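Worksheet: the structure to be examined is printed underneath.
The values are calculated or read from the model by the stated rules, or taken from the named source; none is laboratory data. Small disclaimer: the values here were computed from a predicted structure and weren't measured. Using ideal geometry, Cβ is built from the backbone for each residue, glycine included, and neighbour counts are taken over all protein chains shown.
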Amino acid sequence: MSDKLNAVKGMNDLLPDEAAQWEWVEGVMRDLLARWGYRNLRTPIVEPTALFVRGLGEVTDIVEKEMFSWTDAMNGDALTLRPEATAGIVRAMVEHNALYNGPLRIWQLGPMFRHERPQKGRSRQFHQLDVEALGHAGPDVDAELILMLRALWGELGLKEGTQITLELNSLGQPDERQAHRAALIAHFETHADQLDADAQRRLHSNPLRLLDSKNPAMAAVVAAAPTLMDYLGSESRAHFDAVRAVLDAAGIAYTVNPRLVRGMDYYNLTVFEWKSPLLGAQSTVCGGGRYDQLIETLGGKPAPAIGFGLGMERLMLMLDAAGLAAASSAPDAYALVTDAATLPQVLPVLAALRAAGVAVLMNAGGGSVKTQFKRADASGAAYALIFGADELARGVVSVKPLRGDAAQFTRDLAHVADWAPGLRNAP
């Protein structure tokens, strides 16, 4: 016998019970996004490597360390499995001139890929909901996205303030970041002996990333670094204050975190993260912000934009820790077939029930009536439908409630549509 083949490390299967939880969450998301005016978009998982080098920043962790990249053997193209969605979405907007008729609100849900050490809440193939508002410049849309996320947490049953919290910052505009950048370099140069090798390498190429260091030996020097908030001009401050005013009016609790910089270079002005104590060290479940220069950077006409990415695997861990689960996916009814020869009579009835919205699982593979009843009970169905020879001869089906003490009854096979709703609305 040949050796068993397993999934690639960090790329995980979702079996039916777990997938049912995902389907529930995805359904809640789709419904909410439609109500808030966001439309679905789908882009390829393979993009030109240059898209991420130019869009995310050449000295970001993602580009330097984490991308699955290769050279196409047929034409020599440099290709990459997408490590995040925003750059690909913007590429699609530019390529198809999608903003020609005005701003767009769009969303995408799918797999992303990063070559990093797998751990709880972090896989090499992970899934992300990305929501983008393109062509909108004002702080109103920044606040709207945050309010929409708060609505999502509520619809999933998560408790804001205890199970999930909001952090907020402003990264200002490029000229303000340049002034802050110079101040950061000067600060860290005076403490060069306290910087690790990675920080020393990035000091002059991307000093903002040093603020995101997880090295405890650098904690003190990072804490003492100048904050970008001190370099914001009046317009950037006004934008940030306007976002906060909406959040305050809506009663959203948040913390202004001046060290919140996010992992990509394209952000400006508002950035935010939703975090959860239910996740342990990897506490961020959702993050995003404004990226007003990215569309132009990737070859489009200048246009403002803001968006966020929500990690599905981390959200599932949160829901599990909070004891929040999808409603049962058990069928409404389980069909017992006592004689395979009767299938030509039974299957049209089951088709009619399903057309009426009843979820019916038919026994397959034969078995005694006793065995089939065991399977019916194990399925979680509310009713067993007994298609015995006697019943079929009389043109009826016996319906046995499987939960509770209600008595068995019969229903006329000639009028399925009349009684089907009673099975669908089973308690």
- [ ] Among the numbered conditions (1) over 15 Å from V337 (Cβ atoms); (2) loosely packed, with under 13 Cβ neighbours inside 10 Å; (3) without any contact (Cβ under 8 Å) to a residue 40 or more places away in the chain, tell me where P401 comes up short.
- [x] (2)
Task: Residue list for the range 320-336, filter: modelled with pLDDT of 95 or more and among the hydrophobic types (A, V, I, L, M, F, W, C) - done: A333, A335, L336
TODO: Return the only residue of A351, A245 being at pLDDT 95 or above and in the same structural domain as I89 (by TED's automatic domain parsing).
DONE: A245
TODO: For the range 135-143, indicate whether the set of residues that are of a type in the set (G, A, S), at pLDDT below 95 and closer than 25 Å to R91 by Cβ is non-empty.
DONE: yes
Open item on the list: Going residue by residue through the range 404-416, is there one that turns out to be closer than 18 Å to S329 by Cα and touching a strand residue (DSSP E or B) at 6+ places or on another chain (Cβ under 8 Å)?
Closed with: no
- [ ] Identify, from the list E167, E160, the residue that is under 30 Å from L203 (Cβ atoms) and surrounded by fewer than 21 Cβ atoms within 10 Å (Cβ to Cβ).
- [x] E167
Task: Candidates H191, H239, H187, H204 - the one that is under 24 Å from L294 (Cβ atoms), more than 24 Å from the chain's Cα centre (by Cα) and either among the hydroxyl-bearing types (S, T, Y) or surrounded by fewer than 20 Cβ atoms within 10 Å (Cβ to Cβ) (or both) - done: H204
Open item on the list: Anything in the range 290-300 that is farther than 24 Å from T49 by Cβ and either within 20 Å of the chain's Cα centre (by Cα) or of a type in the set (A, V, I, L, M) (or both)? List them, or say none.
Closed with: R290
Open item on the list: Being surrounded by 14 or more Cβ atoms within 10 Å (Cβ to Cβ), in a helix (DSSP H, G or I) and of a type outside the set (A, V, I, L, M, F, W, C) is the requirement here; does G55 meet it?
Closed with: yes
TODO: Please find, among R30, R91, the residue that is more than 16 Å from P111 (Cα to Cα), touching a residue at least 24 places away in the same chain (Cβ under 8 Å) and surrounded by 14 or more Cβ atoms within 10 Å (Cβ to Cβ).
DONE: R91
Open item on the list: Being in contact with a Ser or Thr (Cβ under 8 Å, 6 or more places away or on another chain), touching a residue at least 60 places away in the same chain (Cβ under 8 Å) and not in a strand (DSSP E or B) is the filter here; which residues of the range 306-353 pass it?
Closed with: E313, R314, M318
Task: Residue in the range 354-393 that is farthest from the chain's Cα centre (by Cα), counting only those that are loosely packed, with under 13 Cβ neighbours inside 10 Å and assigned to a loop (DSSP other than H, G, I, E, B) - done: S368
Open item on the list: Being touching a helix residue (DSSP H, G or I) at 6+ places or on another chain (Cβ under 9 Å) and either closer than 16 Å to A341 by Cβ or not in a strand (DSSP E or B) (or both) is the filter here; which residues of the range 404-415 pass it?
Closed with: L413
Open item on the list: I'd like the full set of residues that are more than 14 Å from N363 (Cβ to Cβ) and in contact (Cβ under 8 Å) with a residue 12 or more places away in the chain, limited to the range 373-393.
Closed with: G380, A382, A389, E391, L392
Task: Candidates A303, A281 - the one that is loosely packed, with under 15 Cβ neighbours inside 10 Å, in a loop (DSSP other than H, G, I, E, B), within 31 Å of the chain's Cα centre (by Cα) and among the aliphatic types (A, V, I, L, M) - done: A281
- [ ] Return yes when Y266 is surrounded by 16 or more Cβ atoms within 10 Å (Cβ to Cβ) and modelled with pLDDT of 90 or more and no when it is not.
- [x] no
TODO: Kindly indicate whether any position in the range 17-36 is under 24 Å from S213 (Cα atoms) and not in a loop (DSSP other than H, G, I, E, B).
DONE: no
